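Colleague: My questions all concern the structure below.
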Amino acid sequence: METLITILVGVLVTVAVYLLLSRNLIRVILGTAILSHAVHLLLMTMGGLKKGSVPLLGEEAESYVDALPQALILTAIVISFAVTAFLLVLAYRTYKETGLDDLDALRGFEDE
Amino acid sequence: MNNIVVMPMIIPLLTGIVLVFLRPYVKAQRVFSIVSIVATIAVSIYLLNRIQTDGILRLDFGGWMPPFGILFVADSFAMLLVVTTAIVTGILLFYAFSSIGKAHENMFFYPFVFFLVAGVNGSFLTGDLFNLFVCFEVMLLSSYVLITLGGRKVQLVESIKYVSINVLSSWFFLLAIAYLYGTVGTLNMAHLSVRIAEVGQGPLLTVISVIFLIVFSLKAGLLLYFWLPGSYSSPPTVVAALFGALLTKVGIYAMFRVFTLIFYHEPGVTHMLIGVMAAITMIGGSIGAIAFNDVRQIVSYNVIIAVGFILVGLAVSTEVAIQGSIYYLIHDMIIKALLFLLAGTMIYLTGTAKIEKMSGLIRNYPLLGWLFFLTMLSLAGIPPLSGFIGKVYVGQGAIEAGSFVLLGIGFFSSILVLYSLLRIFMNCFWGETIINEDDDVPLSKGMLVPCVLFGLLTIGLGFGAEGIALYVSDAAHTLMNPDVYIQAVLKE
């Protein structure tokens, strides 16, 4: 199970890097979103995956899932959501102001 | 349990939230922000003094004992930086009152300054790596807003670069946290230190520590500083000064904390790497500082040189060198704020950023000119001013450890700092004035007084070094002896 998720993380990172390296601004933003999902999955995997258990069952429970990575992911998802939302607004405003969404064209931009 | 430890973060946070609702009332916003920054300063100074008598303070949130819960730990190093942050922000707020303009003040400028301060103080105080990540993000999100506020084209374009670089470095941060948690099974810094001392810092942990190094280097502008000059020169003066004074320092703080408390077992790899990166940073920064003709670019590259110099202390890692780094860190927060303010004021007065288009400013604005001269001397490390003590201690530590190359590069870069600023001084302040009496822009008191206050602070820090020597040596002692920190966090 862990191996499978790790491979999935690898695939997601590959896709994200491909998108990040493209010239289109929206693709870059989608790339950052996928990149953070990949790392969330990695966080979960590093805590150890167990089937069919819940985080806390009281002190006598036989098997339980480590709750900490889930708390970490919850926080990280909220943060990445906020940053992605901000980036989308930023891209929209930049497009409105400059009429450009191509990163090569935006390079070395100066208005004075 | 000391609930007061959370105050330096919670006061700015609550202030920010209240200020959001005071949007239409600019006067009320100003008064309220000054009151709460004064409260933050007072609480921080009280905490700093209490640490000297009671030892390191900690606060376990929700009563979860470490290593299970998250916690705040206040030691001298963290509190010194918190105090400096609060004071610098307070003075910068005064500059903002007269320069930022009504459009910004009505568009949530003050709330985001306070959110930024909350994030910065939280990063200094936290005792848990994931909490550090969260506080970093609070700080970064506010900085994204502050850098784009105003929405000029160049701001938007530069901020895309800034935001994407920081998203990437946050990704690396989470990656390192994930691997570290998978390897040692804890994220509490003191507990991590104990665990790693038990199992030994093997190759795997060293690789993880290098990932942390990359993350904090991106934040601090150590070697990976390519994004810094562009994004620090586009926002309004006050925001640039706030960034120059605070943001890189948080990365430096995290690096000091992690590489003295947790990953100190393999100095041959990690600390050597920091040393090499610091050397290249100082060389690259110096080249940038003398290559450009734009005041804002020169000032931004000066930030980079200082980052390299402070981290020489960490690379050398003797107690004296760490003391020097702490002195220099405090000095740098004050003087970089002043330098950015002066550069911004010069651009405001002349309407241009190119140094060849300015001349003879000292005839029209003598006080401004002499303040710039003072800043220049302080940055170069001329004795009575605040930069001197830091440079001497870092130098002494480097000699003790035998790192003469780092020492040489560090001191040579100081000469280039002096040269780059002297070039501004000679070109812009000296010579025939090109401003005739008709279009002489009056320099308002509101802009000049904060600069004077910063000038007084740098003089005061130089003459009053003895006053903070107690705190600095305690901070360096805690950093060099991880047991002190571990004892304070894990006892009971």
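The values are calculated or read from the model by the stated rules, or taken from the named source; none is laboratory data. This one's a predicted model, so the numbers in the text were calculated from it and none came from an experiment. Positions of Cβ are backbone-derived with ideal geometry, glycine not excepted, and every protein chain shown enters the neighbour counts. To get the accessible areas, we keep the full protein, side chains included, count just its heavy atoms, and leave off ligands, DNA and RNA. Shrake-Rupley method; radii C 1.70, N 1.55, O 1.52, S 1.80 Å.
Colleague: What are the ³J(HN,Hα) couplings of the stretch B:143-157, residue after residue, when phi is run through the Karplus curve with 6.51, -1.76, 1.60 and θ = phi - 60°? Round to Hz, x for glycine and proline.
Modeller: 5, 4, 5, 5, 6, 9, 4, x, x, 5, 4, 5, 4, 4, 5
Colleague: Would you mind calculating the gained length between A:TYR64 and A:THR6 on full extension (0.36 nm times residue separation, minus the Cα-Cα distance), in nm to one decimal? Please report the intermediate quantities before stating the final value.
Modeller: Details: separation 58, 0.36 × 58 = 20.88 nm, distance 2.16 nm.
Roughly 18.7 nm would be gained on extension.
Colleague: Within 10 Å of each Cβ in peptide B:126-137, how many partner chain Cβ atoms are there on average? Round it to a whole number, please. Present the calculation step by step, with values, prior to reporting the outcome.
Modeller: Values: counts 0, 0, 0, 1, 7, 1, 0, 4, 5, 0, 1, 7.
Averaged over the peptide's residues, the number is 2.
Colleague: Treat every Asp and Glu Cβ in the protein assembly as shown as -1 and every Lys and Arg Cβ as +1, leave all other atoms uncharged, and give the resulting dipole magnitude about the Cα centre to the nearest 20 debye. Walk me through the numbers before you get to the answer.
Modeller: Working: 29 positive and 35 negative charges, 179 e Å.
Its charge dipole is roughly 860 debye.
Colleague: Mind checking the per residue accessible area of chain A for me, 1.4 Å probe, whole number of Å²?
Modeller: On the way: 7000 Å² over 112 residues.
Heavy-atom SASA per residue in chain A reads 62 Å².
Colleague: Within a 10 angstrom radius of each residue's Cβ in A:34-41, how many Cβ atoms of other chains show up on average? Whole number is fine.
Modeller: Values: counts 0, 6, 4, 0, 3, 8, 2, 1.
That average works out to 3.
Colleague: Skipping prolines and chain starts, which residues have an amide H placed within reach, meaning under 5 Å, of the one on B:ASP75, given they are 5 or more residues away or on another chain?
Modeller: The answer is none.
Colleague: How far is the Cα center of the stretch B:234-309 from the Cα center of the stretch B:8-70, in Å?
Modeller: Here the two parts' Cα centres lie 27 Å apart.
Colleague: If you don't mind, another one. What figure, in Å² to the nearest 10, do you get for the accessible area of B:MET65 with a 1.4 Å probe and non-protein molecules left out?
Modeller: Using a 1.4 Å probe on the heavy atoms, I get roughly 90 Å².
Colleague: Taking a 30 Å limit on the Cα-Cα distance, which of the listed pairs B:LYS161/B:LYS249; B:LYS219/B:LYS445; B:LYS391/B:LYS445 fall beyond it?
Modeller: Numbers: B:LYS161/B:LYS249 20 Å; B:LYS219/B:LYS445 34 Å; B:LYS391/B:LYS445 33 Å.
Distance filter (> 30 Å) returns B:LYS219/B:LYS445; B:LYS391/B:LYS445.
Colleague: Suppose R0 equals 25 Å. What FRET efficiency, 1/(1 + (r/R0)^6) with r the Cβ-Cβ distance, do B:MET65 and A:LEU49 give to the nearest 0.05?
Modeller: Working: r = 28 Å, r/R0 = 1.11.
Step by step, r from the Cβ atoms, then E = 0.35.
Colleague: Right, next: Would you mind checking which residues have amide H under 5 Å from B:ASP128's amide H? H placed 1.01 Å from N; only 5 or more apart, or other chain.
Modeller: For B:ASP128, whose amide H was placed from the backbone, the distant partners under 5 Å are B:LEU71, B:MET189.
Colleague: Under 5 Å between amide hydrogens, which residues at least 5 positions from A:VAL65 or on another chain qualify, with H placed 1.01 Å from N in the peptide plane?
Modeller: A:VAL54
Colleague: Could you give me the ³J(HN,Hα) list for the stretch B:3-20, computed from phi with Karplus coefficients 6.51, -1.76, 1.60 and θ = phi - 60°, whole Hz, x at Gly and Pro?
Modeller: 4, 5, 4, 7, 4, x, 9, 6, 5, x, 5, 5, 4, x, 5, 5, 5, 4
Colleague: What average count of beta carbons from other chains do you get within 10 Å of the Cβ of residues in A:15-28?
Modeller: 1
Colleague: Can you work out ³J(HN,Hα) from phi for every residue in the stretch A:64-73, in order, using Karplus 6.51 cos²θ - 1.76 cosθ + 1.60 and θ = phi - 60°, giving whole Hz and x for Gly and Pro?
Modeller: Residue by residue, the stretch A:64-73 yields 8, 8, 4, 7, 4, x, 5, 5, 4, 5 Hz.
Colleague: Between B:GLY387, B:ALA343, B:THR281, whose Cα lies farthest towards the positive end of the dipole of the protein assembly as shown when Lys and Arg beta carbons carry +1 and Asp and Glu beta carbons carry -1, centred on the Cα centre?
Modeller: B:ALA343
Colleague: Can you work out the FRET efficiency for the pair B:ILE211 and A:ARG107, with r the C-beta to C-beta distance and R0 = 25 Å, to the nearest 0.05? Each step should come with its number before you reach the end.
Modeller: Working: r = 28 Å, r/R0 = 1.14.
After rounding to 0.05, the efficiency reads 0.30.
Colleague: At a 10 angstrom cut-off on C-beta neighbours, averaged per residue, how do the peptides B:124-132, B:343-351 rank from highest to lowest? Let's see the in-between values first.
Modeller: On the way: B:124-132: 25.2, B:343-351: 20.3.
The packing order, highest mean first, is B:124-132, B:343-351.
Colleague: Roughly speaking, what is the centre-to-centre gap between the stretch B:114-190 and the stretch B:327-398 when only Cα atoms are used, to the nearest Å?
Modeller: The stretch B:114-190 and the stretch B:327-398 have Cα centres spaced 29 Å from each other.
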